[in-house]
Amino acid sequence: MKTLLIGEYRDGKLLESTYELLGFADQLGAETALLLVGSESQLPSYGGTLYLADATTCGEYNPDLHKKLILDAVQQENPDYIVFLHSSYGWDLAPRIAASLKAAQISEVIAIADGSFEVGCCNAKMRRSVKPATSKTVLTIQAGAFPVLQSGGTPAIRKLTAETTTPLEFVGYEPAEKKDIDLAKAEVIVSAGRGIGKKDNVPVIQALAKALGGELGASRPVVDAGWVEHSHQVGTTGQTVSPKLYVACGISGAIQHLAGMKKSDFILAINKDKDAPIGEVADVLVVADVMQFVPALTAKLAQ
């Protein structure tokens, strides 16, 4: 089984999310080749085959040129899977490649199970398993759904060039409205759920996050109630995260929230209900009043 992973390069830098593609391929157990439109001055930590095109010549993004580069690499590699991140780059290029190859496309993969790919459905309240219907399949993977993996070593470079007539010219990127935080990069997240009771109790959760050197997260009900900004929301309608430590404070564990955080290395849940769904994914479930336990834990950490 072979995969061609399509890395991303922006503003002169390799995007760290490229390494999530390697994490996906590792879970799939597939032989990998990586394609990047970038620069030899910044190569990925990756010891396999790297198809490299010069971003100064091809542009950091140009759908016509980049499609041709990818199809050239596909012809050389003959992969079973062509894998993009589920990003603006992947959204645009993946269907172009699938149409050119007459291949199936499976978008926003969040897990691999028994030879099938799991994707969200019904507004992310459920999952469905999808099996490829063609010999080649184009995939996009959800950000944060797979672990970051740096295989190390120096890649074996195969240069790619493309010449095609296109009316498009890459001008640059217009940054989106800046978020307060990027939870996907946080190693520790302490999240507030509806069980904290009221907005005035959010600082109690923030204090624990600070004591642990982490960031404040939140469930959707807390965000919808206006207690915490949307940039802190964890879940399928917020951010998908996989920190080293995730502390769920008063969060019952709706499936949308679990899908966004259950790949955390260690999960500590604090809830009065011993049967709360969050307990099914937690490594430790503390059955206690969150507004009594959290201040006591914060005070203990401060000693």
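The values are calculated or read from the model by the stated rules, or taken from the named source; none is laboratory data. Model, not experiment: these values are computed from the prediction. Note that each Cβ is placed from the backbone with ideal geometry, even for glycine, and that neighbours are counted across all protein chains shown.
The set of residues in the stretch 70-100 being modelled with pLDDT of 95 or more and among the hydrophobic types (A, V, I, L, M, F, W, C) consists of 70, 71, 73, 74, 82, 83, 84, 93, 94, 97, 98, 99. Pick from the stretch 179-200 the residues that are in a helix (DSSP H, G or I) and hydrophobic (A, V, I, L, M, F, W, C): which of them is farthest from the chain's Cα centre (by Cα)? Here the answer is 196. Take residue 51 and tell me if it is surrounded by 20 or more Cβ atoms within 10 Å (Cβ to Cβ), assigned by TED's automatic domain parsing to the domain that holds residue 146 and under 25 Å from residue 167 (Cβ atoms). Against the criterion (surrounded by 20 or more Cβ atoms within 10 Å (Cβ to Cβ), assigned by TED's automatic domain parsing to the domain that holds residue 146 and under 25 Å from residue 167 (Cβ atoms)), residue 51 does not qualify.
With respect to being buried (at least 24 other Cβ atoms within 10 Å of the Cβ), closer than 18 Å to residue 86 by Cβ and modelled with pLDDT of 90 or more, residue 4 fits the description.
Of the residues making up the stretch 16-57, just one is out of contact with any strand residue (DSSP E or B) (no Cβ under 7 Å at 6 or more places or on another chain), without any contact (Cβ under 8 Å) to a residue 60 or more places away in the chain and closer than 19 Å to residue 145 by Cβ, namely 29. One residue stands out among those in the stretch 44-69 that are of a type in the set (Phe, Trp, Tyr) and under 20 Å from residue 153 (Cβ atoms): the one that is modelled with the highest pLDDT, which is 51. So is residue 191 buried (at least 21 other Cβ atoms within 10 Å of the Cβ), assigned by TED's automatic domain parsing to the domain that holds residue 290 and without any contact (Cβ under 8 Å) to a residue 40 or more places away in the chain or not? No: the conditions fail for residue 191.
Between 141, 196, 97, the distinction of being touching a residue at least 12 places away in the same chain (Cβ under 8 Å), within 30 Å of residue 286 (Cβ to Cβ) and aliphatic (A, V, I, L, M) belongs to 196 only.
For the stretch 49-85, how many residues meet the condition of being of a type outside the set (Phe, Trp, Tyr) and touching a Gly at 6+ places or on another chain (Cβ under 6 Å)?
1
For (1) within 15 Å of the chain's Cα centre (by Cα); (2) in contact (Cβ under 8 Å) with a residue 40 or more places away in the chain, each residue gets a yes or a no:
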residue	(1), (2)
111	yes, no
126	no, yes
129	no, no
137	no, yes
146	yes, yes
152	no, yes
155	no, yes
160	no, yes
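Looking across the stretch 9-47 at every residue that is touching a Gly at 6+ places or on another chain (Cβ under 8 Å) and assigned to a loop (DSSP other than H, G, I, E, B), the one that is surrounded by the fewest Cβ atoms within 10 Å (Cβ to Cβ) is identified as 42. Quickly run through the stretch 212-259 and pick out the residues that are of a type in the set (Lys, Arg) and under 17 Å from the mean Cα position of the chain (by Cα). Scanning the stretch 212-259 gives a single hit, 244. Just so you know, in the stretch 201-214 the residues that are among the small types (Gly, Ala, Ser) and part of a loop (DSSP other than H, G, I, E, B) include one that is surrounded by the fewest Cβ atoms within 10 Å (Cβ to Cβ), and it is 213. Per this entry, residue 95 is counted among residues that are farther than 19 Å from residue 258 by Cα and within 20 Å of the chain's Cα centre (by Cα).
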